[in-house]
Each structure stands twice: as C-alpha cells, then as structure tokens.
Amino acid sequence: MRPLTSNRPKVMLPIANKPILEHLLIEAGEAGVKDFIFIVGYGDEQVRNYFGQGDRWGVKIAYSEQRKQLGTADAIRMVAGMLDSSFLVINGDVVVSREDIGLLLKTERNTMSVIEVKDPRGLGMVELSGDKVTNIYEKTQKPPTLMANAGLYLFTPEIFEAVSRTEKSPRGEYEITDSLQLLMDTEEGLHYQLIKSWLDISYPWNLLPANESMLKSLEAQNLGEVEDNVVLKGAVAIGKNTVIRSGAYIIGPVVIGENCDIGPNCYIRPSTAIGDDCHIGAAVEVKNSIIMKGTKIPHHNYIGDSVIGEECNLGAGTKIANLRLDKKNIMVSGIDTKRRKLGAIIGDHVETGINASINVGSIIGNNTFIGPGVVVSGVIKSDSKIY
C-alpha cells in the first residue's frame, strides 16, 4: 500500500471520506456489536485520536497495544484476559456487511467467514468439505480453490488454547492460520460461513472500487454554500463551510468534505471523494478519484481514476493519464492491476510544476517535487526531485 501507508496505518486510509476502519465499525455496530477492542500498533495515535472511546458511534472502544508486529494469533493472545465468552475477530482493513456480521453472531461454534473470489493473488484461500474448513493455503500461487478467507471470525474461548500452542512461523510471527489449523484438527473442527459482501484492500488501486462501492449508498446533503449557476446531479454530499462556486458541474455520487473551495467552472464526475480543506479550481476535471485532505488542484488539471494523498499541490496544466493507447490492462511494478483505467497513486506532500504529465499506473512517493513540463512514469521513490 505504500506510499499511502508511509504516514498512516492502512486502516486509516479513506474510502468515501471515512477511514476503512470507520466503515467496519459502523457495519459491526449496526449488526448489534457495542463493545470493541482495537488492537493497535503502527500509527496507533491516529487511531486513538480519531475514534476515542467510541462515543460518536454509540459504542465502547478499548485499546490493546501490540508493540511488536508478531502476527494475528499474538494479537488475539493479548486480549485473552479481557474476554470470557464468544467474540468476533475482524481484520481492520476489510469491510464486511452488517447482514453477514449479524448472521455470524448467531453461531455458537468456531467459524471462519469465506467468500468466492475471481483473483486469489495475495489472499489466504481455503478448502471446504461439508460444513467445515479442511485446508488453508496462505498466498499460494495456484490454490486448488477460489474460496478466500474473508478475515472475519467467530471464536469461542477455545481459540485461546489453540493460540497458546501456536509456534512462531519461519517469518517470526504467530500466524492465525497455524492456530486455525489446530482448531481444524479437533473433533469439533472449524466451521465456515459463506458471506455475500466483502471489500478487500490489498493494493493501492483497490481503494478505487471500494470507494465506488461505498458511494453507491451516499445521500445528498448540503451543509455548505452553493452559488448560482452550479449544477448538481445525483447524490452530492457537501460538508460544512465548503463553497461550490459558479459554473461547477458535479455528477454524483460525489462526497466533498468540510472547508473546501470548489470551482469556479470545474467538472467533478461520479465516484469521487474529496477530503477536507481541498481546493478544486477553474477548468479542472476530476473523475472516479480519491483526493485526500488539504490537497490543491487549482488550474486546468485532469485527474482520473487516481488516489492523491494529503497536502499535495498540482501546478497549472498538470495532467494524469488513465488509459493506455492500446486499451490493455495497466501494469504496476509487474503486477496486473486488472484495470483498463488507472491514473496515479500519489503520496503526501507531492508538488508538480506547470504542465507536468503523469503516465498511467505511476506511483509517486511522499515529498516528491516534479518540475515544469516533466513526464513521469513508473515508480518514483519518496523525497525525489525530478526536473
């Protein structure tokens, strides 16, 4: 997920202007879960400061700090003294539906949620027999199944005994898959539940379909100021103290945060999320993109199918390409993104000069300066200066 996770934990990456973890919290809360333990490590201050004790969502949140990242089984071990009955474990970087969580809460056995996928790359895959899980394949190149571990579990206190017998893996972590294997070896075994809805964020470009999916349920709202001669079509949500200036043409679903300055005479297309304190200026077109807090895109720019980090500033005429001339899938560092349209993934505090051009599938690291008229392609490391 780098460079997007260089300055924030993955769970705090925004989708539809809310962190991934907030979407998950809301879904679990709507399913009836009211008590949470967040196991935090890298970037824990951001999580604690944002969520606090959970009052804003009507839930209670406690925290447990995993100082060394020693695996999911180790994280579960840390909360053994805080739990005395069955409980859910949910990976913080996925989004599952309240309906699927609600069904899982009704079970009384150790249960893993699974979902059928088309692309198993980077995922833990499982084999099933009857109503039980029989094998787990962790990120295997050619798994014999397309059923993926969805990172959502219902555990009984029996899991703690399995975790206590879990040994360190070759990479020095206590793997939850090893603990699950111990459960599978018991007489009761490990059961599964097939779920219907799942958003997995494995690569930076996965944020785009997740953002598109979450915006489908957006409701129109105007807490700011909309000047005359603005066109709003579909669901457009406008935050407090945001001004939409004359001539802006916005087609929802689009969410715009607080204290933004939008327009005049700009075009914002569907499935776009613009964070707080952003400026989208004159003759700018933005389509199907995530623009994070404090970023300025002020003059004659085109942004398509891109993720742009915080506090960036794009010089006049900066354009981001999002479609190959041969219309083939876009590759990033040898990885097929499975997308015909993908612009750029840009980190925080990136600045471009006038008329800079950014090619399809470019990854630009934090604190990078790109000079006037420069053409950028490929992966650019953080703190680079390109003239």
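The values are calculated or read from the model by the stated rules, or taken from the named source; none is laboratory data. Remember, predicted model here, so these are calculated numbers, not experimental data. Cβ coordinates were reconstructed from backbone atoms using ideal geometry, including for glycine residues, and neighbour counts include every protein chain displayed.
Does the range 232-274 hold any residues that are under 16 Å from Ile290 (Cα atoms) and of a type in the set (Ser, Thr, Tyr), and which are they?
Matches in the range 232-274: Tyr267, Ser271, Thr272.
Out of the residues in the range 97-115 that are touching a residue at least 40 places away in the same chain (Cβ under 8 Å) and charged (D, E, K, R), which is nearest to Met184 (Cα to Cα)?
Only one residue fits best here, namely Arg109.
Working carefully through the options Glu138, Glu116, find the one that is assigned by TED's automatic domain parsing to the domain that holds Glu187, surrounded by fewer than 17 Cβ atoms within 10 Å (Cβ to Cβ) and closer than 23 Å to Ile15 by Cβ.
Just one listed residue meets the conditions, Glu116.
Got a number for residues in the range 223-255 being in contact (Cβ under 8 Å) with a residue 40 or more places away in the chain and under 10 Å from Ile268 (Cβ atoms)?
0
Any idea which of Glu45, Glu99, Glu108, Glu65 is touching a helix residue (DSSP H, G or I) at 6+ places or on another chain (Cβ under 8 Å) and among the acidic types (Asp, Glu)?
Exactly one of Glu45, Glu99, Glu108, Glu65 is touching a helix residue (DSSP H, G or I) at 6+ places or on another chain (Cβ under 8 Å) and among the acidic types (Asp, Glu), namely Glu65.
What's the number of the condition Glu167 fails, among (1) surrounded by fewer than 19 Cβ atoms within 10 Å (Cβ to Cβ); (2) within 25 Å of the chain's Cα centre (by Cα); (3) of a type in the set (Asp, Glu)?
Only one criterion in (1) surrounded by fewer than 19 Cβ atoms within 10 Å (Cβ to Cβ); (2) within 25 Å of the chain's Cα centre (by Cα); (3) of a type in the set (Asp, Glu) is unmet by Glu167, namely (2).
Here are the criteria: (1) touching a helix residue (DSSP H, G or I) at 6+ places or on another chain (Cβ under 9 Å); (2) of a type in the set (D, E, K, R); (3) part of a loop (DSSP other than H, G, I, E, B). Tell me which single one Lys142 does not satisfy.
Lys142 satisfies all of (1) touching a helix residue (DSSP H, G or I) at 6+ places or on another chain (Cβ under 9 Å); (2) of a type in the set (D, E, K, R); (3) part of a loop (DSSP other than H, G, I, E, B) except (1).
Yes or no: Glu188 on the phi < 0 side of the Ramachandran plot, among the charged types (D, E, K, R) and not assigned by TED's automatic domain parsing to the domain that holds Ile15?
Against the criterion (on the phi < 0 side of the Ramachandran plot, among the charged types (D, E, K, R) and not assigned by TED's automatic domain parsing to the domain that holds Ile15), Glu188 does not qualify.
Would you kindly identify the helices (runs of 4 or more DSSP H) lying entirely within the range 151-236 that contain at least 1 residues that are within 30 Å of Met12 (Cβ to Cβ) and in contact with a His (Cβ under 7 Å, 6 or more places away or on another chain)?
207-215
Evaluate the range 290-303: report whether one residue or more is more than 26 Å from Ile15 (Cα to Cα), more than 25 Å from the chain's Cα centre (by Cα) and either small (Gly, Ala, Ser) or modelled with pLDDT of 95 or more (or both).
no
All but one of (1) crowded, with 17+ Cβ neighbours inside 10 Å; (2) under 24 Å from Ala273 (Cβ atoms) hold for Gly353, so report the exception by its number.
All conditions pass for Gly353, except number (2).
Which of the residues that make up the range 77-105 are loosely packed, with under 15 Cβ neighbours inside 10 Å and out of contact with any strand residue (DSSP E or B) (no Cβ under 9 Å at 6 or more places or on another chain)?
Selection gives Ala80, Gly81, Asp84, Ser85, Glu99.
Does Leu218 qualify as being loosely packed, with under 14 Cβ neighbours inside 10 Å and of a type in the set (A, V, I, L, M, F, W, C)?
When the stated conditions are applied, Leu218 does not pass them.
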